[in-house]
Amino acid sequence: MIYAERIMTDFIELITADEYFKDIQILRAYPGGIKSTLLENAVVAVGLKEINVEDSSLGESVKTGTISVFANIYVPYSFDKSNFEKIVFRICRNVAEFNIVSVNISEITANSASECFVMKVVFTFNDELCFRDDEDE
């Protein structure tokens, strides 16, 4: 079961618990803008992309569906582009408990404003969905 209200917090916690990400900043996405400094290490900005829900049990209130989370990966020009693949596969490994049904990856593009390469990744998970946190009770 995926707790929809906690998906972003859980997603980030699962990734940051991996020692591999100690030098990679993982954060919730925020509106783009020119920053006063350039990246020194890779950054992964994550956010909620889409939720699709349907009733899965006749006569009961059981919801199932998919939740899509994006992870925009920013890597300085000076880094090896193979870092993208390593980051994507490590994220997959760390969030596998969410039942990944697809991973869509964009081509690597250059962002001249931030002087880095960018890869956009969307992870889609499928499971029973709960829109209430157990702590709400």
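The values are calculated or read from the model by the stated rules, or taken from the named source; none is laboratory data. Everything quoted here is computed from the prediction, not taken from an experiment. All Cβ positions, even for glycine, are placed from backbone atoms using ideal geometry, and neighbour counts span all protein chains on display. When the accessible area is computed, the model is the full protein with side chains, heavy atoms only, and any ligands, DNA or RNA have been set aside. Shrake-Rupley method; radii C 1.70, N 1.55, O 1.52, S 1.80 Å.
Using only Cα atoms, tell me the angle between helix 7-16 and the longest principal axis of the chain; keep it within 0 to 90° and round to the nearest 10. It works out to around 50 degrees. Largest accessible area first, the listed residues C116, C130 line up as C130, C116 when surface is computed with a 1.4 Å probe on the assembled protein chains. Ordering V62, F131, S78 by Cα displacement along the dipole of the stretch 54-137 toward the positive end leaves S78 in first place; charges were set at the Cβ atoms of Lys, Arg (+1) and Asp, Glu (-1). DSSP assigns beta bridges within the chain; of those with both partners inside it, close to 85 percent run antiparallel. The modelled label-to-label distance for the pair E107/E40, using points 7 Å beyond Cα in the direction of Cβ, is 3.3 nm. Within the stretch 77-124, the percentage of alpha carbon pairs spaced more than 15 angstrom apart rounds to 49%.
Where does helix 82-94 land angle-wise versus the long Cα axis of the chain, in degrees 0 to 90, nearest 10? The two axes meet at around 20 degrees. Only lysine pairs 8 or more places apart or on separate chains count here, and in the chain those with Cα atoms under 19 Å apart total 6. Note on the chain: Cα Rg divided by 2.2 N^0.38 Å, N the number of residues, gives 1.16. Accessible area of E50 (1.4 Å probe, protein heavy atoms only, ligands and nucleic acids ignored): about 90 Å².
Need one number: % antiparallel among DSSP beta bridges in the stretch 5-85, to the nearest 5. Mind dumping the intermediate values first?
Numbers: 12 of 16 bridges.
Roughly 75 percent of the beta bridges in the stretch 5-85 run antiparallel, per DSSP.
Taking other residues whose beta carbon is less than 12 angstrom from the beta carbon of T66, and scoring Lys, Arg as +1 and Asp, Glu as -1, yields -2. Between N52 and R6, the modelled label-to-label distance comes to 2.6 nm, taking each label 7 Å out from Cα in the direction of the beta carbon.
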